[in-house]
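Visitor: Here it is, the structure, as structure tokens.
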Amino acid sequence: MIGTDGHLGMRKILMVSCLLAIPAVAAAQNLGWQKYAVPETGAHVDLPMTIFSKDAGAAGKRIWSAFLTADGRANLTVQSVPNGAGDSPAVFLAKMNPPSNIVYKRVTPNFFAVSSFRNGKIWYNRCNFAGRFMNCVLISYPAAEKRQWDSVVTRISNTLTGR
């Protein structure tokens, strides 16, 4: 805005410059990260509650909770799946009969992580071996938003733990 003296308001220019200079990383830090726990199994994971703000419920034979983004474009499930046979992550994954078009697959003695594309979305599944349970996070989000989701998915994946 030009003032009566013909000059742009210096405060406004400075304020706009500062706002434009805020890195995207700083915005990513304010996602309302909270530790989510499955009390029955000891599984816990950091979740960005400002992103997954809608509770999509929990029920069934497995111990799980699901969350959605406010607009429903992405979803996240935290679950503990019984593993009475004590299957290793590799055996457990094989028994799940995963699709053949997996793009990313990592299997270790302690966990597996798999990811691929389906219907314009990226799906990601990580399960950690926890004795009688496999503690898992499943995330689905728009493939067109991959770069925006990379750090979020990484933090969720890296914080999944349990007994």
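Visitor: Please list 3J(HN,Hα) in residue order for the stretch 149-157, calculated via the Karplus relation 6.51 cos²θ - 1.76 cosθ + 1.60 where θ = phi - 60°; whole Hz, with x for glycine and proline.
Guide: Values, residue by residue: 8, 3, 5, 5, 4, 4, 5, 4, 4 Hz.
Visitor: Here is a further query. Ignoring ligands, DNA and RNA, how do 49, 134 rank by accessible area with a 1.4 Å probe, largest first?
Guide: 49, 134
Visitor: Distance in nm between label sites at residue 70 and residue 96, each 7 Å beyond Cα in the beta-carbon direction?
Guide: Result for the modelled spin labels: 3.1 nm.
Visitor: Follow-up. Under 11 Å from the Cβ of residue 144, count the other residues' Cβ atoms, weight Lys and Arg +1, Asp and Glu -1, and hand me the total.
Guide: Local net charge: +3.
Visitor: If you don't mind, there's one more thing I want to ask. Please report the accessible area of residue 88 (heavy atoms, 1.4 Å probe, ligands and nucleic acids excluded) in Å², nearest 10.
Guide: 50 Å²
Visitor: Could you put 106, 155 in order of accessible surface area, largest first, with the 1.4 Å probe and the full protein assembly present?
Guide: I get 106, 155, largest accessible area first.
Visitor: Now a separate question. Taking θ = phi - 60°, what integer Hz values does the Karplus form 6.51 cos²θ - 1.76 cosθ + 1.60 yield along the stretch 137-143, in sequence order, with x for Gly and Pro?
Guide: 10, 10, 10, 10, 8, x, 4
The values are calculated or read from the model by the stated rules, or taken from the named source; none is laboratory data. On a predicted model such as this, the values are computed, not experimentally measured, just so you know. All Cβ positions, even for glycine, are placed from backbone atoms using ideal geometry, and neighbour counts span all protein chains on display. Heavy atoms of the whole protein, side chains included, go into the accessibility calculation; ligands, DNA and RNA do not. Shrake-Rupley method; radii C 1.70, N 1.55, O 1.52, S 1.80 Å.
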